[in-house]
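The values are calculated or read from the model by the stated rules, or taken from the named source; none is laboratory data. Everything numeric in this text was worked out from a predicted model, so none of it was measured. Ideal geometry is used to build each Cβ from the backbone, glycine not excepted, and the neighbour counts take in all protein chains shown. Side chains included, ligands, DNA and RNA excluded: accessible areas come from the protein's heavy atoms. Shrake-Rupley method; radii C 1.70, N 1.55, O 1.52, S 1.80 Å.
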Amino acid sequence: MRFSVVTAFPDFVEAYFKTSVIGKAVQKGLIECDVVNPRMFAEPPHNQIDDYAYGGGGMVLKAEPLARAVDFVKSPAAKVICLSPQGRLLNQALVESLATEQHLILVCGHYEGVDERFIQAYADMEVSVGDYVLTGGELPALIVVDAVSRRVEGVVGKSSAVEDDSFAKGMLDHPHYTRPSVWRGLKVPEVLLNGDHGAVASWRRRESIARTLSRRPDIVGNAFLAPYIEKGVYLIWGDASRVLGDEAGLPEEVVIKFLKNIISVSERAGCRKVILLLKEAAIRQKIRILLSRLAKLEAECDEYAEMIKVVPNMDRAVSWIKEKEKSSPYMVAITSENKANRIHWDELKMRILGFCRPVAFCYQCKAEDMVGVCLRNPLGVNDSGDIFSGIISVAVTLERIIGLEKKEVPIGRDR
C-alpha cells in the first residue's frame, strides 16, 4: 500500500516515516510512503503556495500548486483525501475501508484552509480526526497513515493484536498488565495468572464491556456486539412452514435463495445458528436435502448445512440452545402483533451486554411465547407471507441491535 502526503512541511512528516512500526513496515516493503512539497510546483521566483482570502481573512493555500503536486504523485488507483475539520469523522469503519485502497494521497491544509476549487476538482473525500482546531493537516495525515497501516497484513506482528484493539469491533479494549504481578501493592487480577485461557477470554470480554459502558457509552450504538455476547447469538424463524412448506408453492430456486440470504445476514450479525421451525417432518427433510445438495454444488456453500437447524417447534429450539450453551436464552421477538414493548434500541443493547446468557432473535413467533422483549417489526407491516420482506425485517433488527460485521464506507467523490 502506498501513502503520499502533500505538505509544505516535509521534514515533519518524513521523520515519522522512519520511526517505530511505520519505519519498519517501510523497510520491509509492506507499505510505501512518500512526501511531496507543493512549493516545488509553485511559480518562481518566490514559489508562493498561499495568498490572501477573497473577502478578507487570513492566508489560504492556492489551488494550482496543490493540483500540480497531486498530479505528480497520482496513480490510476489513487484516492485523494483532504484533511479538514469539515470532513467525515475518522472512525474504525472508515479506517477499514481506507485500508482496502491501493494508494492514498493525503493533502495537508494549513493557515486558513485550502482553496475550495481544489477540493471540488480533486478531493475524493474530506476527513477530520476530531472536533478541535489544529495548526495544519500534518498530524491528521499521520494519524490516518498510522491507523490504516495497522490494517495492512504484516505491519503489526500478530493479527490478533489488531483485531483486539479498542474500536476494532466498536468497543474499548480490556485492561492490560505485565510483570511484576504486584507493583506498589497493586496486584494483577488472579484470573490472568492461573493459565485458564477460557477464563481469561471471558474476563477480558466482561472488562471490555464494563469499561465501554462506564467510559464511552456513546459508542455502544455503533458497536458490533456479537463478540461480546459470551453465550452467543441465535436466530429463530417461527412457523417457517407457512413460507417454505409445499402449500406455499414456492419454486425450489426461491427456497434456496431464501436460505442463502438468511444465512448471509445471520453470519454477518455473528449468529451461531439459524433455527427454522417446521412442523412437518417431510418439510424438514426437504430443507436438509436442499442444503446438502447446495453444499455439493457450490464450494462456498459447504458450511450452509451446519448453519441451519430445523426443529418442529419453539420448545425444541429453546431447549436445544439451552443444552448447547448451558443457559436459557434471552428471547427477543420481532413481531407484527400489537404487543411489542416500547424499548429503545440502545437500551436493549445495554441489557443484552449485561447478560451472561445467549440471545435468541425470534421472527414471526407468538408474543406470548416470549419471556424477554417483543420488538415491533421495523418495516411496520405484517410480512409473514413474504419471505424476502421478512429477511429485510430480520436484517434491520440485527443491524440495529447487534450490528453487522465488516461495514465498509464507500470511498468516492463527496461532491
Query raised in the report: Near N194, within a Cβ-to-Cβ distance under 15 Å, what is the net charge of the other residues, with Lys and Arg +1 and Asp and Glu -1?
Result: 0
Query raised in the report: Does region 38-125 classify as rounded, prolate or oblate by the C-alpha gyration tensor (a ≥ b ≥ c root eigenvalues; a/c under 1.5 gives rounded; else a/b over b/c gives prolate, otherwise oblate)?
Result: oblate
Query raised in the report: What angle, in degrees between 0 and 90 and rounded to the nearest 10, separates the Cα long axis of helix 387-401 from the longest principal axis of the Cα atoms of the chain?
Result: 60 degrees
Query raised in the report: Which of rounded, prolate, oblate describes region 233-323, given a ≥ b ≥ c as roots of the alpha-carbon gyration tensor eigenvalues and a/c under 1.5 marking rounded, otherwise prolate only if a/b is larger than b/c?
Result: oblate
Query raised in the report: Mind checking the angle between helix 252-268 and the chain's longest principal axis? C-alpha axes, 0 to 90 degrees, to the nearest 10.
Result: 60 degrees
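Over region 233-326, calculate the relative contact order: mean separation of alpha carbon pairs under 8 Å at least 6 apart, over the residue count, as a percent.
Details: 103 pairs, mean separation 31.9, N = 94.
The value is 34 percent.
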Report task. Calculate for the chain the 222 nm mean residue ellipticity that helices alone would give, adding -39,500 (n - 2.57) per DSSP H run of length 4 or more and normalising by residue count, nearest 500 deg cm²/dmol. Result -> -11000 deg cm²/dmol
Report summary line: With all protein chains in place and a 1.4 Å probe, M59 shows an accessible area in Å² (nearest 10) of 50 Å²
Requested in this report: Give the accessible surface of the chain per residue, rounded to a whole number of Å², with probe radius 1.4 Å and ligands, DNA and RNA excluded.
Outcome: 52 Å²
Query raised in the report: What percent do you get for the relative contact order of the chain when only Cα pairs under 8 Å and 6+ apart count?
Result: 15 percent
Query - Per residue Cα convex hull volume in Å³ - calculated over the chain - result: 212 Å³
Query raised in the report: Working out 0.36 nm times the residue gap between A201 and R88, then minus their Cα-Cα distance, what length gain in nm do you get to one decimal?
Result: 37.2 nm
**Report entry** Q27 versus T178: modelled label distance in nm, points set 7 Å from Cα along the beta carbon direction
**Finding:** 1.9 nm
Report summary line: A chain fully extended from F388 to Y52 at 0.36 nm per residue, minus the present Cα-Cα distance, gains in nm 115.1 nm
Query raised in the report: What is the distance, in nm, between label points placed 7 Å from the Cα along the Cα-to-Cβ direction at K326 and at E64?
Result: 7.4 nm
Report task. Using only Cα atoms, find the angle between the long axis of helix 138-149 and the longest principal axis of the chain, and express it within 0 to 90 degrees, rounded to the nearest 10. Result -> 40 degrees
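Rounded to the nearest 0.05, what FRET efficiency do D34 and A121 give with R0 = 22 Å and r taken as the Cβ-Cβ distance? Could you check?
The pair D34/A121 has a calculated efficiency of 0.50.
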Requested in this report: Can you tell me which of 284-296, 18-30 comes out highest on packing, and rank the rest after it, using the mean Cβ neighbours within 10 Å?
Outcome: 284-296, 18-30
Query raised in the report: So, in nm, how far is label V191 from label R351 when the simple model puts each one 7 Å beyond its Cα toward the Cβ?
Result: 2.5 nm
Requested in this report: Would you mind putting 92-100, 268-276 in packing order, based on average other-beta-carbon counts within 10 Å, highest first?
Outcome: 268-276, 92-100
Query raised in the report: Under a point-charge model restricted to the Cβ atoms of Lys and Arg (+1) and Asp and Glu (-1), what is the dipole moment magnitude of the chain relative to its Cα centre, in debye to the nearest 20?
Result: 1540 debye
